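Written out below as structure tokens is the structure these notes cover.
The values are calculated or read from the model by the stated rules, or taken from the named source; none is laboratory data. Just so it is clear, the model here is predicted, and its values are computed rather than measured. When we count neighbours, we look across all protein chains shown, and the Cβ atoms used for this are built from the backbone with ideal geometry, even at glycine. Surface accessibility is based on the protein's heavy atoms, side chains included, excluding ligands, DNA and RNA. Shrake-Rupley method; radii C 1.70, N 1.55, O 1.52, S 1.80 Å.
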Amino acid sequence: MENLEDIIKQNIDLISTIILSKPTGKYKKIKLLPKIIKNELIWQAEQYTQNQVFHNNLNLEQMVEFCKQNFKTNFKQINILLTNGEISGCVNKKGNISFLKNNKNKTDKIVTQHNNIKKYFLNEGTDIPFLRDLGIFTNENKIVQSKYDKFKQINRFVEILNDAFKNFNKKEITILDFGCGKSYLTFAVYYYFAKIKNIKPKIIGYDIKEDVVNFCNTLSNKYGYENLKFLVNDITQDNLFSEKVDMLITLHACDIATDFALKYGIKNYVPYIFSIPCCQHEINNQIKCGGDFDLLLKYGLFKERFSALLTDSIRAEILKDFGYKVDVLEFVDFAHSPKNIMLRCKLNQKKSPTKNVLINDIMEKYNFKQTLYNELYK
């Protein structure tokens, strides 16, 4: 059987408890249990002495390392209790390790909450088919441990939507999703409007990968989501939807694909735009020293981050120029994803500016071009 690290990681979604026993050191026994503390999934190590119990909270990588350091060195036995059996490991007198899988000793997996339970729009235990098929929920509608961050991201986006559309009083809504990918959020948006808001959604998701589009259409048909369609389309070149659109989503569309998505939204006066930019290479590949921020261009990592922030600042300024109210939000905690900046935009007034002096001066000073600016300012 594999080594301890591989065993834990390969079975992580099935593990209910890990027990270290047959001690050789200070602690008599250690139990590791999955818990949710401040809405974060952690592993709590309960370390037992003769008279006391000490607790230590660990993330997944720390928990694996903790087990590796303690098994064999401080404990001669480890029992990994699973929902479909048990894996036990022993150290013999010669110091050799062996593992054995027993499929009979099944245990229920219970992840306890150690804070007030946050109420989500899409809750664990609810029958939400796409969360099962996309691997967020188990067949019993429980959160898959390794997908807990993704579960939070989906609910965070729905929470942002709900804040924007809490006073929306139309019976139908048309939405485009540019660069939809595997469409976790696209399905969540459809579910939110159709099942929670009782608004009839019409959603088209665009992506350049045919296999992804076919997969998403198969799921949409399976659920009877007749107004959720996915199309193979290059948003930088192909003709797009020509009817009125209420909302545009562009989440992690790569590099200048975000600019073409925003261009579509601005040109078509789409009332609501939600954008999480990704892979901002354009400025990073061009920018040259030439001003007060040269210090930030000396080192590759700083240059990359500065260029990304500059790119999204220019996009936000352009949207503002064309009449949008723009809020810059942290979509998820940076620890979960570095691609965590969202531009939340609402059209207040249609405008047609011909130049932005601030952006133009920066581009000239640092010798770069920016696609959205070049496409919109004539």
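Which of the trypsin sites (Lys or Arg not before Pro) across the stretch 139-193 are loop residues per DSSP, with 11 or fewer other Cβ within 10 Å?
Working: sites: K142, K147, K150, K152, R156, K166, K170, K171, K182; in loops: K142, K166, K170, K171, K182.
Here the trypsin sites (Lys or Arg not before Pro) that fit, given the DSSP loop and packing criteria, are K166, K170, K171.
The phi torsions of the stretch 294-304, fed into the Karplus equation with coefficients 6.51, -1.76 and 1.60 and a -60° offset, translate into couplings of 4, 4, 7, 9, 6, 10, x, 5, 5, 4, 4 Hz, rounded to whole numbers, with Gly and Pro shown as x. The protection proxy used here, the mean number of other Cβ atoms lying within 10 Å of each residue, ranks peptides 347-356, 74-83, 259-268 as follows, highest first: 259-268, 74-83, 347-356. In plain terms, the chain from K200 to Y299 could stretch by 30.6 nm, reckoned as 0.36 nm per residue minus the Cα-Cα distance. Which residues in the stretch 154-169 have a backbone N closer than 20 Å to a point placed 7 Å from the Cα of E243 along the Cα-to-Cβ line? Residues passing the 20 Å test: 169. For the stretch 118-254, the solvent-accessible area works out to 48 Å² per residue, with a probe of 1.4 Å and every protein chain left in place.
GNM on the chain, alpha-carbon springs under 10 angstrom: the most fluctuating residue among V232, V158, V357 is V357.
Can you give the FRET efficiency to the nearest 0.05 for N11 and E40, using r as the Cβ-Cβ distance and R₀ = 30 Å?
On the way: r = 21 Å, r/R0 = 0.70.
In this case the efficiency is close to 0.90.
Between 0 and 90 degrees, rounded to the nearest ten: what's the tilt of helix 210-223 against the longest Cα principal axis of the chain? Computed tilt is about 80 degrees.
Just the accessible area for R132, please: 1.4 Å probe, Å², rounded to the nearest 10? The accessible area of R132 comes to roughly 70 Å². Can you give the FRET efficiency to the nearest 0.05 for N367 and N268, using r as the Cβ-Cβ distance and R₀ = 22 Å? Approximately 0.10, to the nearest 0.05.
Report the extension gain between T49 and S146 in nm, rounded to one decimal, defined as 0.36 nm multiplied by the number of residues separating them, less their alpha carbon distance.
Computed gain between T49 and S146 is 31.8 nm.
Students often get this wrong, so try it: which of [x] 24.0; [y] 51.9; [z] 19.6 is mean projected area of the Cα convex hull in nm² as calculated from the structure shown? For mean projected area of the Cα convex hull in nm², the calculated option is [x].
Using a 1.4 angstrom probe, figure out how much accessible area the stretch 264-345 has per residue, in square angstrom, rounded to the nearest whole. If you can, show how the numbers build up before the last one.
On the way: 4060 Å² over 82 residues.
Result: 50 Å² per residue.
Taking the 1.4 Å solvent-accessible surface of the stretch 227-353 as the whole, the part contributed by carbon and sulfur is 52%. Relative to the longest principal axis of the Cα atoms of the chain, the long axis of helix 60-70 lies at roughly 20 degrees.
DSSP beta bridges confined to the chain are antiparallel in about 65 percent of cases. For the chain, the longest principal axis of the Cα atoms and the long axis of helix 357-366 meet at an angle of about 70 degrees. Once you put a point 7 Å from the Cα of K209 and another 7 Å from the Cα of E226, both along the Cβ direction, what distance in nm separates them? Once both label points are built, they end up 3.1 nm from each other. With the whole protein complex present, E140 retains an accessible surface near 130 Å², based on a 1.4 Å probe. With the cut-off at under 17 Å, measuring from each backbone N in the stretch 9-24 to a point 7 Å along the Cα-to-Cβ line of N92 picks out no residue.
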